[in-house]
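Encoded as structure tokens, the structure appears first; notes follow it.
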Amino acid sequence: MSGGTARERVEGLRERIRAADHAYYVLDQPLLSDAEYDRLMRELGALEAEHPELASPDSPTARVSGEPSADFARVVHREPMLSIANAMSDDELAEFDARVHRLLALPEDEAVGYVGEPKLDGLAVELVYERGAFVQGSTRGDGVNGEDVTANLRALQWLGANRGVPQRLVGASPNDLPRLEIRGEVLLQKAHFEAMVRRIQRINEVRTAEGKAPLKVPANPRNAAAGSLRQKDPQETRNRPLSFIAYDAVAPGIEPWATHWEKLQSIRGWGFEVNAENTRCAGLAEVRKWRDQMATRRFQLPYETDGIVVKVDDLDLRHRLGAASKTPRWAVAFKYPPHEDETVVIDIVPQVGRTGILTPVAKVREVKLSGAVVTSATLHNEDELRRKDVRVGDWVIMRRAGEVIPEIVMSLPERRTGAERVFEFPRACPVCGARVVREEGEKVWRCTGAACPAQLVARLLHFAQRRAMDVEGLGEVAAGQLVEKGLVKDFADLYAVPLEEWRRIFARPRKAEVGDKRRELPEKAAQNLVDALERSKHTTLRRLLFGLGIPQVGEATAAQLARHFAELGRLLDAGEEELQAVRDVGPEVAREIRAWTGEPRNRAVVERLLAAGVVAAPEAAPRGGAFAGKSVVLTGTLAKLSRDEARAEVERRGGRVTGSVSRKTDLVVAGEEAGSKLEKARELGVAVVGEAEFLAMLEER
Ligand code: IVH
């Protein structure tokens, strides 16, 4: 930022930061990358320090960011929930330690004891317990005014090792405490975030194909967690696998602890998850050592962290240090350099998908992000592309959302030279040459070619994917050649490609693709593919239905259809009314399915698949997965499934459901009001999951 008076610059920065805060905290849709946000904050802080006359008590530098949403009742935090000052460099970390020494008048060589904790990237909440019972939970909000999300927090149940939000504290003494406040972070683990994004993308494929506005894809696990917790309907929150990790307790009037570390042990004893990574450090040197270990270790943790928090361990010293308006003087957050990096957009290419939709994909100069090399990122659709204003030749900031999904955060227009090119969607399909159109009211450009090879290739890949027919080895290049040579015009043709042809295809020299396994010999690759095709013939109805790519039929609907009809023939002959009797199938979906099954060409392909020897078994055969060979106990009430349905789901996956918990039990699924069986499981150290995670496990295979 340059030019203008200092006052104008300060005001401009405050405005940008406030807009970014609103987008982040209220809309759960960040405008700026974390790095960019931190940069603006620091610039503002520096200007205010330079011009004290411009300082203001409501500047973003003086207030905790975040405004409570009007959708929730307001909760006033008895003790404000503060923010933490950032240290961006090793020097700044040393400065923090020096200041602690100075304020406490300690000699330089007397080490101060610290506790190092990973800085969890979720959202802070406060849980209030009265005489051991959970009575109220709220978000941090602006630090003083939070949002009442009690009902939603009650939905956080056991999730693997995470204990969620206990309804009652365990252990004798806390139940006598008139009031206890537990603070910690609600978060969504990386794997759950990834599954959520994939699910939304699948839904969006259908929605865009129907001309509906796509659902918002959360930008990162933090936003996904915030959105999930701040649902108006607590039932919705129940379906999101959120975790809670506690890091502080406030027990007004009764604070028996000498150190933060002891307090953490108490919190754990009351039935909360306390981060097992937390470490006691005897002084700055140990903090540094631990910080450096964490710099790589954090990528192995199941949740996203963006740094570490360093807290003075001795609570007496803490009280003496006190707090400034926004941040305590006894804590500092050391931020790891963001896994964002700058790179250049080499090209933007339209990729033609299964339904003919053209997706703009940015090809970028290689960057390493969160431990992986990234060379491209989807720009989703024209509106998104225009919103981000990404041009060929642009410098852009890239990151992997949730350390997983590569994305362009923003373009850097200030670095343009004038040679950049605005991407225009082609009016003819780059693959088949047919007209490309964007219909009135639609978000997408679509190839109108009925026989577009790109669509066919995409359909073949959909059919062959692991979650459908599972034809290992059939990649984009091989599928492309089959189509190009005219060998394959539909799914059934795949089964008729002779070994010879596969050999020829795999013998063709080709560029290594990202994610390619090391190249096998053509003979071997060809034989493997023929074997994989052979294996794929013994499949399940739900996989086949999913693989056929019937409009509106994703994995979940395919499973419901398979369960309902059990036989393919019955489904093909079903009318709209019968289809609507299937769970999750409404009139619109029924119409689409019927239109598909009524099309003679589709029926012919199915006939030929069966003639080729494809057998679709009604029930999913147990093929490993989370429940195979496992002994499972169901306890408490599940909201989404009856006990019988849950049992059937487990058994279908090769698990056994038993009535009582013993050392031989592998897993306890604990619903609402789970009682003695849950206690027993805890005693024996048996793994426990809540309903949300159970449902997530059912989705895996
Ligand atoms: S302690 C005054 N410990 O960071 C200190 N906060 O910038 C109060 N956070 O709102 C918080 N991990 O959302 C603390 N181990 C940790 C944390 C942590 C993440 C978040 C929390 C807080 C924000 C402050």
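Of note:
- Taking a straight Cα-Cα cut-off under 16 Å and skipping sequence neighbours fewer than 8 places away in the same chain, the lysines within cross-link reach of residue 190 are 119.
- Sparsely packed loop sites in region 383-469 (the trypsin sites (Lys or Arg not before Pro) outside DSSP H, G, I, E and B with at most 12 other Cβ atoms within 10 Å) comprise 427, 466.
- When peptides 49-59, 495-505, 181-191 are ranked by their average number of other Cβ atoms within 10 Å per residue, the highest-first order is 181-191, 495-505, 49-59.
- Annotation for region 649-699 versus region 519-575: alpha-carbon center distance of 31 Å.
- Solvent-accessible area per residue in the chain equals 46 Å², computed with a 1.4 angstrom probe and all protein chains kept.
- Value at 222 nm in deg cm²/dmol, rounded to 500, when DSSP H runs of n ≥ 4 in the chain each add -39,500 (n - 2.57): -10500 deg cm²/dmol
- With a 1.4 Å probe rolled over the protein heavy atoms of all chains, the accessible area of 32, 548 falls in the order 32, 548, largest first.
- Contact order relative to length of the chain, as percent, for alpha carbon pairs under 8 angstrom and 6 or more apart: 10
- Overall, the accessible surface of region 569-701 at a probe of 1.4 angstrom is composed of carbon and sulfur to the extent of 47 percent.
- For the chain, cysteines whose Cβ has no other cysteine Cβ within reach (under 4.7 Å): 281
- Share antiparallel - DSSP beta bridges, region 228-341, percent rounded to 5: 80
- Where GluC sites (Glu not before Pro) fall in DSSP loop in region 637-681, at most 15 other Cβ within 10 Å: 673
- Relative to the dominant Cα principal axis of the chain, helix 190-209 is inclined by about 50°.
- Taking a ≥ b ≥ c as the square roots of the eigenvalues of the alpha carbon gyration tensor, region 537-640 is oblate, as a/c is not under 1.5 and a/b does not beat b/c.
- Fully extended contour minus Cα-Cα distance, from residue 673 to residue 651, at 0.36 nm per residue: 5.5 nm
- Taking a straight Cα-Cα cut-off under 23 Å and skipping sequence neighbours fewer than 8 places away in the same chain, the lysines within cross-link reach of residue 664 are 630, 677, 680.
- DSSP assigns beta bridges within region 585-701; of those with both partners inside it, close to 10 percent run antiparallel.
- Taking the accessible area of region 104-183, probe 1.4 Å, and keeping the other protein chains in place, the carbon and sulfur fraction comes to 50%.
- Per DSSP, loop GluC sites (Glu not before Pro) in region 339-435 with at most 11 further Cβ within 10 Å: 424
- Residue 601 paired with residue 523, simple spin-label distance in nm, labels 7 Å along Cα-to-beta-carbon: 4.0
- Here the gap between residue 566 and residue 508, fully extended at 0.36 nm per residue and compared with their Cα-Cα distance, gives a gain of 16.7 nm.
- For residue 688, distant residues with modelled amide H under 5 Å away: 668
- Taken along the Cα-to-beta-carbon direction at a fixed 7 Å, the label points for residue 573 and residue 608 span 2.4 nm.
- Within the accessible area of region 382-505 (1.4 Å probe), percent carbon and sulfur: 50
- For the chain, the longest principal axis of the Cα atoms and the long axis of helix 6-21 meet at an angle of about 50 degrees.
- Exposure check, 1.4 Å probe, all protein chains in place: residue 383 carries approximately 60 Å² of accessible surface.
- Extension gain, residue 78 back to residue 198 (0.36 nm per residue minus Cα-Cα distance, nm): 39.2 nm
- Relative to the longest principal axis of the Cα atoms of the chain, helix 34-50 runs at roughly 30 degrees.
The values are calculated or read from the model by the stated rules, or taken from the named source; none is laboratory data. Note that the coordinates shown come from a computational prediction; the quantities given were computed from them, not determined experimentally. Because the Cβ atoms are built from the backbone with ideal geometry, glycine has one as well, and the counts that use them run over all protein chains shown. What goes into the accessible areas is simple: the full protein's heavy atoms, side chains included, and nothing from ligands, DNA or RNA. Shrake-Rupley method; radii C 1.70, N 1.55, O 1.52, S 1.80 Å.
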